[in-house]
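Take a look at the structure below.
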Amino acid sequence: MYKDDIALAQSIMSGDERKFDQFFELYFPRLYRFAYTRMKDESQLEDIVQTTLMNAMRNMDKFRGEATMFTWLCQICRNEIAQHYRKLGKSVPTVTADDDVIRPILEALEAESETDPEGQYANHQVKELISEVLDFLPKNYGQALEWKYVWGLSVTEIAERLHVTELAAQSLLARARAAFRSALTQISPQLVPAGQE
Amino acid sequence: MMRDENDIPEHRIEEILQRVGPLRSPPEEMTARVKASVKDTWRAEVTANKIAEPLQSSLNSATARSTRSWQLARIAVAFALVAIVSIVSFKGEKDNLQQVAAFDSNYIDLEYSTDNLIWSPIADGAISIHSGSYFRVGQNESVSMLFSDGMNVRAKPNAIFQVENAHSVRLFKGALYLDSYNRPQTEPFTINTLFGQATDIGTQYQVILEEQQWSVQVREGQVEVTDSQQELMVNKGVSLTLFSKNDVSPREPTSRAISPTDSTWQWTEQSRPEYQLDGKVLSEYLMWVARETGKDLQYQSDDVRLKALKTTVHGSIGQLSAQDSLRQVLLSTNLNLIDSAESVIMVGYH
């Protein structure tokens, strides 16, 4: 059971505006990215994500914490996207993580050259996939990893943003790396060999 | 720098994330618009919940306590009216509940419910099944039902299901097996589950529901499987597994070959409907055995096939399994079981 997520849901249902704001800031950008990779029509993206979150508010009392809050929100979003495509008489584009497809793409990411169209497309695919992996990490792990390794924030700065001690921030980053490695290993065992430095 | 023994190479993480770059962010104007709309919905839900709480306490107490009591009283009347309408509607619906199927036998280890909450043992001798009823199968026996259109549905021990109407069953737990052999193809029969639905197209198949996945296994014919993302056709000899979309890493469906004689079908023989042997043509009985066992029926020669078409059998096989009944029935004829390998029943002369 995801007790933190249950507590957040209960706070939202009780009318805690601060918790609502926290919920929105944490999940709206991730849900936006989730829908973005699945919607060919970006003009409908805002409607889809907005409807998803409004449905979540109406059904927050049904959240049981058996999956994470983000997983639950993605399920609602998937249904909205499926309904959208059904109305158009089209099938839903699927996002796959097949290892036989991913491995050469990840190998392409390792290569220096990104000048040819095929290489650029492969890189785009990988970036979308890694972005999705980050969003699906628990809590704010994905955010912390982005702050550290993309934006180059120090542990002190990350601790300030998360309102925790430096020690807690270091510990969170260690857990985030482990979770990220585990998630990547599921989609490509070749990507992060164990114990290799 | 703090490291634990399972730490991963930081330079590798850094390399990957830097190549990925900053995560895509929604436009600020969109963020503001969406937040405003969602917040309005949130406020409305919170307000509705807060009215319901004081309403309940004022209904329980004899006197109104606040200056808004007259408003709460109006709301109370509205709720009461809704409740009365609901009760009347439910009663009306109950009167209109149809018998849509019947159990093949008096089952001891079987419970029913009208709401999937309060369970009672099936009354002795009660075999009628009405639309909307819930059933919970005990661990000691499987059950068999015959629907009004000829569909035979069998439920494995520990299954929980609801008979929704004459053409659909909702599976909550466990496994159901369907055989549409005696059923004219007028309307599809559907098994609904939390994760999706399976619809028959002249088949024998089973649906197995587990915590985070469900499987559709087709023994004969075809089954159309639908969930929120796709529609798939499953053919004979295929077992398709679909996973819950609530998984952290959602998985694509997987399929594997499954023989019609695989052990996964064995439980269905225990709950097969009673078979009326007396007066049946031998070939018809042999086809029934083939269907129940999943084996391929073969005749040693055309002469043997003709013999089977012209022979009438008598008696009863009782509760013998189809396979076990075979030798007994053939004893009364001058035909024999030549070969009963894993996948074949061959009938011929000595």
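The values are calculated or read from the model by the stated rules, or taken from the named source; none is laboratory data. Since this is a predicted model, take the numbers as computed values, not measurements. Virtual Cβ from ideal backbone geometry, glycine too; neighbours counted across all protein chains shown. Protein only, heavy atoms only, side chains kept; ligands, DNA and RNA dropped before computing areas. Shrake-Rupley method; radii C 1.70, N 1.55, O 1.52, S 1.80 Å.
Side notes on the structure shown:
- B:Ser89 passes every criterion in (1) of a type in the set (Ser, Thr, Tyr); (2) modelled with pLDDT under 75; (3) under 25 Å from B:Gln276 (Cβ atoms) apart from (3).
- Some residue of the stretch B:111-122 being among the aliphatic types (A, V, I, L, M) and assigned to a strand (DSSP E or B): no
- Test: residue in the stretch B:260-278 that is surrounded by 15 or more Cβ atoms within 10 Å (Cβ to Cβ), touching a Leu at 6+ places or on another chain (Cβ under 7 Å), at pLDDT 85 or above and not small (Gly, Ala, Ser): no
- Residues in the stretch B:297-316 that are more than 24 Å from B:Met151 (Cβ to Cβ) and not in a helix (DSSP H, G or I): B:Gln298, B:Tyr299, B:Gln300, B:Ser301, B:Thr311, B:Thr312, B:Val313, B:His314, B:Gly315, B:Ser316.
- Conditions (1) without any contact (Cβ under 8 Å) to a residue 12 or more places away in the chain; (2) open to solvent by 50 Å² or more (accessible area, probe 1.4 Å): number failed by A:Met1: (1)
- When we screen A:Ala67, A:Ala56 for residues that are of a type in the set (Gly, Ala, Ser) and either part of a helix (DSSP H, G or I) or open to solvent by less than 20 Å² (accessible area, probe 1.4 Å) (or both), the only hit is A:Ala56.
- If only residues of the stretch A:126-173 that are farther than 24 Å from A:Gly65 by Cα, at the interface with chain B (Cβ under 9 Å from one of its Cβ atoms) and not in a helix (DSSP H, G or I) are counted, the one that is most open to solvent (accessible area, probe 1.4 Å) is A:Trp151.
- Enumeration of residues in the stretch A:8-20 that are more than 16 Å from A:Lys62 (Cβ to Cβ) and away from chain B (no Cβ under 12 Å): A:Arg18
- Tabulated pairs, the stretch A:4-15, first closer than 14 Å to A:Arg64 by Cα, second basic (Lys, Arg) and loosely packed, with under 15 Cβ neighbours inside 10 Å, C-beta under 8 angstrom, 6+ apart or interchain: A:Ile6/A:Arg64
Per-residue answers, yes or no, for (1) among the charged types (D, E, K, R); (2) surrounded by 19 or more Cβ atoms within 10 Å (Cβ to Cβ):
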site	(1), (2)
B:Met287	no, no
B:Arg291	yes, no
B:Leu297	no, no
B:Asp302	yes, no
B:His314	no, no
B:Gln328	no, no
B:Leu335	no, yes
B:Glu342	yes, no
B:Met346	no, no
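- Hey, B:Leu286 more than 30 Å from A:Phe136 (Cβ to Cβ) and touching a residue at least 12 places away in the same chain (Cβ under 8 Å) or not: yes
- Options B:Val218, B:Val234: the member that is at pLDDT 90 or above and in contact with a Ser or Thr (Cβ under 9 Å, 6 or more places away or on another chain): B:Val218
- Within the stretch A:26-50, if we keep just the residues that are β-branched (Val, Ile, Thr) and buried (at least 19 other Cβ atoms within 10 Å of the Cβ), the residue that is farthest from A:Ala144 (Cα to Cα) turns out to be A:Ile48.
- Just one of the listed residues (B:Asp104, B:Asp115) is modelled with pLDDT of 80 or more and within 19 Å of the chain's Cα centre (by Cα), and it is B:Asp104.
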